[in-house]
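Here's the structure, in structure tokens; my notes come after.
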Amino acid sequence: MTAKYIPEPFRIKSVEPIKILTPAEREQKLRTACYNMFHLAGEDCYIDLLTDSGTGAMSVHQWASIMEGDEAYAGAKSYFKLMESAKDVFGYDFIQPVHQGRAAEKVLMPLLLSEGKFAISNLFFDTTRAHVILSGGRPLDCVGELAKKPKQRAPFKGNMDIAKMEETIRQYGLQNIGVVVLTVTNNAAGGQPVSMQNVRDVAAVCRRYGIPLCIDAARFAENAYFIKRDEPGYSDKSIKEITREMFGLADMFTLSAKKDGIVNIGGLVGVKDKNSSIIAGIKVNVINNEGFITYGGLAGRDLEALAVGLQEVCDEHYLRYRVGQIEYVGARLDEAGIAYQSPVGGHGVFIDAAEMFPHIAYTEFPAHTLAVELYRRGGIRCCDIGSFMLGNDPDTGEQLKAEFEFTRLAIPRRVYTQAHLDYVVDTIIKIKEDAKNIRRGYRIIWEPDLMRHFQAHLEPII
Ligand code: F0G
């Protein structure tokens, strides 16, 4: 496929200057950051692809809505606007704002899990995995085998492996499974979408066994776009119709609005059945941890921006450009013979670092090695979605081997242009040409118990 860029369905009204440091300055910044990308200052990064979370550009309509923010502690106008917008998109009766995705997980997971329970997913995102563990449960991943073959192009590589899921339920005992979490799109598998058929199949198994089904919905609109484009029978349906069908199959959702809500902060918990007994527990947990139920840890102006963002993200012109931008990077990598989780997902490109550095063992974190190299050579910040992120077995303390060693280039929404992306690809190509000379990876010299990739200190192995 030749690289073709779909033009932006917007024009730029406000700009934020960025600067590029010299190579010597970048080397110094890496040392002071203990080679952890999360310890670099944002202003020291020329192109920041660390995450697509909370880094999107808001529209004029969102900025205008911010001035309408009603900051009443209880029952603010902005809360009701958000309820109307979110109910329209998801079709659920109960929607609870929270300050971000992990807050939704913190509120919900302890109501579903306890010591000795298990949660099954098509791959947990790291904070969801952490909240399963913090609730006393253990996470079990059942992603389909296709996701583990980065070079094999197929639609819906984010799907749950239904046979494996059923086998896992039998193996661990039905009474011990607290929840099934379906992550759409499947971030850890490369932003790969989940098909409607797979949602249907997962839901049927959950219903048969009486297990609650929760959608981890951070990138719901990108997922719906892939369904519309690639799944038979959906080309004439709108993004909202597809979203409502998808969510209608589940019982509840947690959502980080920092992705497809196109806001800088925000999250939601949703429950389909307004009579569900879980709602009382959600409200108590929100009041204790987030704030009163009509603001959930957000300012009134944040509720306003999210009400608008949820509508904007369902615009097909936007989604075509959004996914087109990621596909453009993928096509340029194809031309250069650089392996990645293919086809590209909805929010970024996940470079197969194990393929680029076959001589660097997972214990030396090849994907982290590539991330450091991108900053060193180009001032580009991105991160490891591999063994470094996965961490240690919570019971034995041993380094786990991830299914993939991906370096994730997460593309913020409505932020970077084609020229920025060309610069990123050109830098990757130069690293690939020099890959043999990057002989060793990194070792951890300090790490916390949980979610270590955010905080760990590393040093190069010489
Ligand atoms: N679920 C998924 C699938 C996510 O990707 C994230 C965040 C969360 C939950 C947690 O949401 O950050 O609002 O608390 N992902 C970001 C990322 C951080 O970079 O992929 P949060």
Looking at LEU268, LEU298 in this structure, which one is in contact with a Pro (Cβ under 8 Å, 6 or more places away or on another chain) and in a strand (DSSP E or B)? LEU268
Failed criterion for ALA130 (all others in (1) in contact with a strand residue (DSSP E or B) (Cβ under 7 Å, 6 or more places away or on another chain); (2) surrounded by fewer than 22 Cβ atoms within 10 Å (Cβ to Cβ) hold): (1)
With the requirement that a residue be in a helix (DSSP H, G or I) and either within 15 Å of the ligand (Cβ to nearest atom) or closer than 14 Å to ASP251 by Cβ (or both), what does the range 87-100 give you? PHE90
Where GLU222 falls short, out of the listed (1) more than 22 Å from ILE385 (Cβ to Cβ); (2) crowded, with 24+ Cβ neighbours inside 10 Å: (1)
Could you please find all residues in the range 407-462 being in contact with a strand residue (DSSP E or B) (Cβ under 8 Å, 6 or more places away or on another chain), in a loop (DSSP other than H, G, I, E, B) and hydroxyl-bearing (Ser, Thr, Tyr)? TYR416
Out of the range 20-33, which residues are crowded, with 17+ Cβ neighbours inside 10 Å and either polar (S, T, N, Q) or in a loop (DSSP other than H, G, I, E, B) (or both)? ALA33
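Which one of these is of a type in the set (Phe, Trp, Tyr) and surrounded by 23 or more Cβ atoms within 10 Å (Cβ to Cβ): PHE365, PHE454? It would help to see each step written out before you state the result.
Numbers: PHE454 fails: surrounded by 23 or more Cβ atoms within 10 Å (Cβ to Cβ).
Result of the check over PHE365, PHE454: PHE365.
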Looking at ALA103, ALA64, ALA57, which is the one that is in a loop (DSSP other than H, G, I, E, B), hydrophobic (A, V, I, L, M, F, W, C) and modelled with pLDDT of 95 or more? ALA57
Tell me whether the range 173-183 contains one or more residues that are modelled with pLDDT of 95 or more, of a type in the set (Ser, Thr, Tyr) and surrounded by 22 or more Cβ atoms within 10 Å (Cβ to Cβ). yes
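Do we have any residue at all in the range 122-137 that's farther than 25 Å from LYS106 by Cβ and either charged (D, E, K, R) or outside any strand (DSSP E or B) (or both)?
Step one: filter the range 122-137 for residues farther than 25 Å from LYS106 by Cβ, giving none.
Checked the range 122-137: no residue is farther than 25 Å from LYS106 by Cβ and either charged (D, E, K, R) or outside any strand (DSSP E or B) (or both).
With over 22 Å from the mean Cα position of the chain (by Cα) and surrounded by fewer than 24 Cβ atoms within 10 Å (Cβ to Cβ) as the only criterion, which of ASP88, ASP161 stands out? Explain how you work it out, then say what you get.
Working: ASP161 fails: over 22 Å from the mean Cα position of the chain (by Cα).
The match here is ASP88.
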Among (1) out of contact with any Gly (no Cβ under 8 Å at 6 or more places or on another chain); (2) away from the ligand (no atom under 12 Å from the Cβ); (3) of a type in the set (A, V, I, L, M); (4) part of a helix (DSSP H, G or I), there is one condition ALA188 misses while meeting the rest; what is its number? (2)
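The values are calculated or read from the model by the stated rules, or taken from the named source; none is laboratory data. Treat the numbers as computed from the prediction; the structure is a model and nothing was measured. A quick note on method: Cβ atoms are made from the backbone with ideal geometry, for glycine too, and the neighbour counts reach across all protein chains shown.
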